[in-house]
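Have a look at the structure below before the remarks.
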Amino acid sequence: MALVVFTGGARSGKSAAAQSLARRRALDGASVVVVVFGIVGDDAEMADRVARHQAARPPEFVAVEVSDSQSAFAGVGPESLLLLDCLGTLVGMVMTEEWASDAEGHDLLEAGSDLPPGYAQAVETRVDELVYAICHRSGDSIVVTNEVGDGVVPPYGSGRLFRDVLGRANRALVSRADRAYLTVCGRLVDLSALPVSPAWPED
């Protein structure tokens, strides 16, 4: 199996780059299954975003819409090329599910620093399990994820937890990836070619 990761900021071109790579693999005979997350509901902005992603998706890709994290990869055969777009949405889904099970009736976005006892650890454990499942698939995988932590510190405890959990998940995925790219303004930086340990400058 091979694992390729695309990370980057909003509108950086990471989804387009991932789809381009997946399409080239499809032309070579790979069966591509796109796993997408998110429930549109009455959110017009989300509905527009989903419609744009659907329009840009090559017709030969099989799309599997997932509404809960437990069945994230249930519709992906072991020999199919998994295109996961995106990990950040999956982490958000895990956080929402864990919150609903522990603190039903409260608003996760208004939790401040008062997250329920054990909540952060439960989220981290479940995300670790998902990362493990991706890294140990028998088939090939392409993962799109959000680069986090470059902006202001989130004002809510839930936002800070999301940043930390996704940041650690990104690092774990990239450390195991066969190839990883940082997408900036539509251009790709090959993270796999960069050092993992600092070196003192030569005289």
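For the structure I just gave you, tell me whether E147 is out of contact with any helix residue (DSSP H, G or I) (no Cβ under 8 Å at 6 or more places or on another chain) and either in contact (Cβ under 8 Å) with a residue 24 or more places away in the chain or surrounded by fewer than 17 Cβ atoms within 10 Å (Cβ to Cβ) (or both).
No; evaluated as a whole, the condition is false for this residue.
Which ones in region 150-179 are surrounded by 14 or more Cβ atoms within 10 Å (Cβ to Cβ) and charged (D, E, K, R)?
The answer is R160, R163, D164, R168, R176, R179.
For the condition over 18 Å from A172 (Cα atoms), in contact with a strand residue (DSSP E or B) (Cβ under 8 Å, 6 or more places away or on another chain) and at pLDDT 75 or above, what is the one hit in E60, E97, E79?
E60
Which of the residues that make up region 2-27 are part of a loop (DSSP other than H, G, I, E, B) and out of contact with any strand residue (DSSP E or B) (no Cβ under 7 Å at 6 or more places or on another chain)?
A2, G9, A10, R11
Given the condition under 25 Å from R187 (Cα atoms), within 16 Å of the chain's Cα centre (by Cα) and at pLDDT 90 or above, answer yes or no: does some residue in region 35-43 qualify?
Within region 35-43, one or more residues are under 25 Å from R187 (Cα atoms), within 16 Å of the chain's Cα centre (by Cα) and at pLDDT 90 or above.
Against the condition aliphatic (A, V, I, L, M), modelled with pLDDT under 70, surrounded by fewer than 18 Cβ atoms within 10 Å (Cβ to Cβ) and more than 14 Å from the chain's Cα centre (by Cα), how does A51 come out, does it pass?
yes
Across region 115-125, what is the total count of residues that are surrounded by fewer than 20 Cβ atoms within 10 Å (Cβ to Cβ) and assigned to a helix (DSSP H, G or I)?
The total comes to 5.
The values are calculated or read from the model by the stated rules, or taken from the named source; none is laboratory data. Here the structure is a predicted model, which means the values were calculated and not measured. Note that each Cβ is placed from the backbone with ideal geometry, even for glycine, and that neighbours are counted across all protein chains shown.
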